[in-house]
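Right, one structure below, let's go through it.
The values are calculated or read from the model by the stated rules, or taken from the named source; none is laboratory data. Given the structure is predicted, the values throughout are model-derived calculations rather than measurements. Every residue, glycine as well, gets a Cβ built from its backbone with ideal geometry; the counts of neighbours run over all protein chains shown.
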Amino acid sequence: MSLLNPRAMGEHVSYGELDWRNEFLGARVRVALWLRDEVGEGGTFRKQEIRAVITGTEQVDRRMRDLRPAGWVIRTYRDKPSLQPDQLYLEKIGQPVWEREHRAAGLRQISAKTRRAVYERDGHMCRRCGITAGEEYTEGAQSRARLTLGHVTPYKHGGGVEAADLITECARCNETVQHLTGVQMSPEQVWDRMAALSGPNMKLLMSWIAVDRRHLGKAEEVWALYRQLPAEARDRLAGDLEDLLKR
């Protein structure tokens with residue numbers, strides 16, 4: 001089956017009973033089929049389009065988000081700046097959740113309480129690269145970080161959905177770990193950087209390694225919390241802090 005964008009090819013692909021128009025199928029399956037048939041990998045779409053065609057069900061947006069743990073990569077304007085705020089980009093079609101053996105793929109839900117606890121435990125920053133929400137990556141201008149949760153041990157190897165099973169990651173690190181994509185340093189390259197550190201920095205790094213956590217300064221802790229706020233609130237607080245410093 002081709003994963004090219006059917007809309008770009010001027011075609012509509014039909015798969016008999018496995019059709020997104022079939023209201024007897026679950027909403028998550030219908031959303032997946034619509035994305036497969038009407039968008040395709042590399043295609044863009046809008047949430048309004050899904051809401052218009054997947055009728056008779058509530059929380060269609062959530063059903064679309066539920067595809068991500070099954071390996072579907074759907075980008076927003078936050079991590080792909082070329083998109084409009086209401087556009088989404090289907091980068092990768094994941095597991096075929098329309099097939100019976102894959103219907104439950106990625107459906108073990110993480111509770112909102114657990115999600116908050118993990119983010120707070122990890123200082124609201126990626127435990128792998130240290131970036132906070134909304135920060136630009138040092139390489140690749142205009143690419144900003146979005147925080148998500150990853151698994152210490154993958155589902156398929158027995159990982160669970162409790163706080164101890166989860167780790168805060170940015171979307172880029174999460175996908176690198178899951179799909180082995182992107183640039184990843186070798187142990188030798190990391191060692192070269194370790195060995196080049198000054199004595200005090202080596203000791204600092206060793207203290208982090210010993211507890212598997214970076215000790216944050218007070219300013220860094222507040223910075224990570226600040227990055228979680230909406231842009232309007234950040235602007236207001238920046239002005240308040242500037243006024244405070246002038247006193």
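The table below gives the values:
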| quantity | calculated |
| --- | --- |
| Which listed residue, of Ile54, Ile74, is modelled with pLDDT of 90 or more and of a type in the set (Val, Ile, Thr) | Ile74 |
| Counted residues, region 97-138 - those being in contact with a helix residue (DSSP H, G or I) (Cβ under 6 Å, 6 or more places away or on another chain), in a loop (DSSP other than H, G, I, E, B) and in contact (Cβ under 8 Å) with a residue 60 or more places away in the chain | 4 |
| Candidate set: region 4-35, residues that are acidic (Asp, Glu) and out of contact with any helix residue (DSSP H, G or I) (no Cβ under 7 Å at 6 or more places or on another chain); chosen: the one modelled with the highest pLDDT | Glu23 |
| Pair list, Cβ under 7 Å, 6 or more apart: region 55-71 residue more than 19 Å from Glu101 (Cβ to Cβ), other residue at pLDDT 80 or above and in a loop (DSSP other than H, G, I, E, B) | Gly56/Glu23; Val60/Ile54 |
